[in-house]
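Notes follow the structure.
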Amino acid sequence: MIEKREFYINGQWVAPSAANDFSVINPSTEEPCAVISLGGQVDTDAAVAAAKAALPGWMAMPVAERIALVEKLTEIYQSRSEDLAQAMSLEMGAPLDLSRSAQSGAGMYHLKNFIRAAKEFQFERPLGDHAPNDRIIYEAVGVAALITPWNWPMNQITLKVGAAAIAGCTMVLKPSEQSPLNAIIFAEMMDEAGFPPGVFNLVNGDGVGVGSQLSAHPDVDMVSFTGSTRAGTAISKAAAETLKKVHLELGGKGANVVFADADEKAVKRGVLHMMQNTGQSCNAPSRMLVQRPIYDQAVETAAEVANKVAVGPALEEGRHIGPVVNEVQWTKIQDLIQKGIDEGARLVAGGTGRPEGLNKGYYVRPTVFADANNQMTVAREEIFGPVLTMIPFDTEEEAIEIANDTPYGLTNYVQTQDGARANRLARVLRSGMVEMNGQSRSAGSPFGGMKQSGNGREGGVWGLEDFLEVKSVGGWALE
Ligand code: NAD
């Protein structure tokens, strides 16, 4: 059993102010795998005080030196990526191969993109030729609280820490209590990289405790949050009293619009994308809208592909998907699958219960619903499990209407060989991101949503800007 009760505050590992043990459960076995401590107000205050004290020095440090520390971090990250992968598989159930590649790899990817973006970013620039005595200065927002979820933990931690650090913010990270181990390893890496004490602090805790304490804290200038829309609303309300900046990355219910002229792999690709990380991705293409002429064939293909998706323990190598993160999520997914059946969607693969041969562990059957309409619960709610909902459509206008008829707006997908049509859709789909024909977005592109999917943009130059204030100076002396 791993025991990691300490917090990282002001450059040191410190004991929690009070005993408040929390068992981390291995979702592959349902057995406890680690014990951490949940912090309280005293721990939150200590971490925020350390971040506040470190702020002036960190802001004053030349940006090149801050970048150099993040570069050092990438070297250490490389050497510890296997530790990170093992921890994530153990605590949140991503299969080892995925943990080693995408889960752990995402962190390195984001840190490198921030370094590249920062080297080109003008932290001070003239307003324009018409106003030689005006300056625009990009300045750190201040003390940032970083609250992260369990589904892509290292992805989300590096998106926040990398940008905040380069921007000159000091920070307190509160990772998900469901997946604290990878965050603790990350804190060890920050320590080894030599960030000055207080620049980065980690306090474990839950949402109602450390999460809301950080959101309401008068000395926290900004909260950067990724997680559920429910928690995003609670954080926004708690932050309103002190009018802090709130940056939100929330859920999604992405449409994958498959036109009759889509390439022949489009349906298979869409199903596998949905099942990746056991469906626990906010940008999952969870509603597959298929044009009528190819609809029946698409349903058949989707069912075949889903039936072939293997499910198994996270710490085993292989191309299977793992369990979902915990019992609460497992039960929620079961209820939603049942709701799909009750509301009349046609179940063509999977269903309720565990996959054959897996009696213990939070395993879910890869599930596909066909003949759904966009008002059904399985088309409206973010299921956060390996469940795909298929909806037929006739015209481009109808597809756009269905795709946009959701409170979310994170990522939509378009499959067509008609380039002009793909571009038309990219312009009218109400989401922060659109990906076409299986082509993902490139390094340094911004990740974030519209509507109830949030308001932040993470990654690359946009991610840096989220941690920066814009200061406008008149009467700047020309040197
Ligand atoms: P969550 O929003 O409850 O937790 C995410 C983080 O926020 C955790 O660190 C948690 O401790 C913290 N938190 C929770 N309530 C808080 C509060 N009131 N104040 C401050 N911090 C708070 O998400 P979850 O329980 O991990 O997952 C539940 C649902 O969230 C999922 O089913 C899914 O729909 C959604 N989700 C979305 C994403 C995403 O990337 N968009 C990621 C994870 C979960």
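The values are calculated or read from the model by the stated rules, or taken from the named source; none is laboratory data. A quick note: this is a predicted structure, and the numbers were derived from the prediction, not measured. All Cβ positions, even for glycine, are placed from backbone atoms using ideal geometry, and neighbour counts span all protein chains on display.
Quick look at the numbers
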read-out	value
Pairs with Cβ under 8 Å, 6+ apart, first in the range 136-165 and within 20 Å of residue 82 (Cα to Cα) and in a helix (DSSP H, G or I), second away from the ligand (no atom under 16 Å from the Cβ) and among the small types (Gly, Ala, Ser)	154/104
Test: residue in the range 308-329 that is of a type outside the set (A, V, I, L, M), outside any loop (DSSP other than H, G, I, E, B), within 16 Å of the ligand (Cβ to nearest atom) and more than 30 Å from residue 86 (Cβ to Cβ)	no
Residue match in the range 264-278 (condition: within 11 Å of the ligand (Cβ to nearest atom) and modelled with pLDDT of 95 or more)	yes
Test: residue in the range 128-135 that is touching a helix residue (DSSP H, G or I) at 6+ places or on another chain (Cβ under 8 Å) and not β-branched (Val, Ile, Thr)	no
Pick from the range 398-429, criterion of a type in the set (Gly, Ala, Ser) and assigned to a helix (DSSP H, G or I), ranking: surrounded by the fewest Cβ atoms within 10 Å (Cβ to Cβ)	420
Residue count, the range 207-266 (criterion: touching a residue at least 24 places away in the same chain (Cβ under 8 Å), not in a loop (DSSP other than H, G, I, E, B) and not hydrophobic (A, V, I, L, M, F, W, C))	14
Residue in the range 177-189 that is free of Cβ contacts under 8 Å to residues at least 24 places away in the same chain, farther than 23 Å from residue 121 by Cα, out of contact with any helix residue (DSSP H, G or I) (no Cβ under 9 Å at 6 or more places or on another chain) and in a helix (DSSP H, G or I) present	no
Leading residue by the ranking (nearest to residue 59 (Cα to Cα)) among those in the range 199-209 that are more than 8 Å from the ligand (Cβ to nearest atom) and of a type in the set (Val, Ile, Thr)	199
Tabulated pairs, the range 279-295, first at negative phi, second among the aromatic types (Phe, Trp, Tyr) and within 16 Å of the ligand (Cβ to nearest atom), C-beta under 6 angstrom, 6+ apart or interchain	280/384
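Residues checked against (1) within 16 Å of residue 391 (Cβ to Cβ); (2) at pLDDT below 95; (3) surrounded by fewer than 20 Cβ atoms within 10 Å (Cβ to Cβ):
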residue	(1), (2), (3)
311	no, no, no
334	no, no, yes
342	no, no, yes
367	yes, no, no
377	yes, no, yes
